[in-house]
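J.: Let me give you the structure first, and then I'll get to my questions.
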Amino acid sequence: MVKNTSNIPLVGGVVAAIGAGLCCAGPLVLLLLGIGGSWIGALTLFEPYRAFFIVAVVLLFGVAGWQLFRQPQLCDSELACAVPKVQYRRKVIFWLAAIFSLVLVTSNYWLLWVL
């Protein structure tokens, strides 16, 4: 019997992507929401850790993808991971989270063209 832990790496990957985009997209989002102040400049302190966050995003999404696309072959027929509707829903959530994370991780490069 395979224990279902595919949500942990996926959530961790999204959190790491938020950390990677915090230095660049964070101030823009706060300003668009009308939140301002001199403390927003302190968010650039996360810039030296950006590479670590990006590595964490890639590793965690790799683990989540492996669990999602490889483990249904190893799944027991009585578990939720064997139901096609659940598999489809998890794949959609995985790809949406991956796209969201890609936008945050690459925000340092495309954000300059938006402003």
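J.: Write out, first by first residue and then by second, each pair whose Cβ atoms fall under 7 Å of each other, whose residues are 6+ apart or on separate chains, and whose first residue, in the stretch 14-37, is assigned to a loop (DSSP other than H, G, I, E, B) while the second is of a type in the set (Asp, Glu).
T.: Listed pairs, sorted by first residue: 23/47.
J.: Using the structure shown, decide if residue 55 is at pLDDT 85 or above, closer than 16 Å to residue 13 by Cα and exposed (fewer than 13 other Cβ atoms within 10 Å of the Cβ).
T.: Spelling it out, residue 55 is indeed at pLDDT 85 or above, closer than 16 Å to residue 13 by Cα and exposed (fewer than 13 other Cβ atoms within 10 Å of the Cβ).
J.: Another question, then. Name, by its number, the condition in (1) basic (Lys, Arg); (2) over 15 Å from the mean Cα position of the chain (by Cα); (3) at pLDDT 75 or above that does not hold for residue 3.
T.: (3)
J.: Let me ask something else. Name the single residue, out of those in the stretch 60-111 being closer than 18 Å to residue 10 by Cα and of a type in the set (Lys, Arg), that is modelled with the lowest pLDDT.
T.: So the residue we want is 70.
J.: Now for a different question. Within the stretch 21-40, identify whether any single residue is at pLDDT 80 or above, over 14 Å from the mean Cα position of the chain (by Cα) and surrounded by 13 or more Cβ atoms within 10 Å (Cβ to Cβ), and answer yes or no.
T.: No: zero hits.
The values are calculated or read from the model by the stated rules, or taken from the named source; none is laboratory data. What you are looking at is a predicted structure, and each value in this text was computed from that prediction instead of being measured. Reconstructed Cβ throughout: ideal geometry from the backbone, glycine too, with neighbour counts over all protein chains shown.
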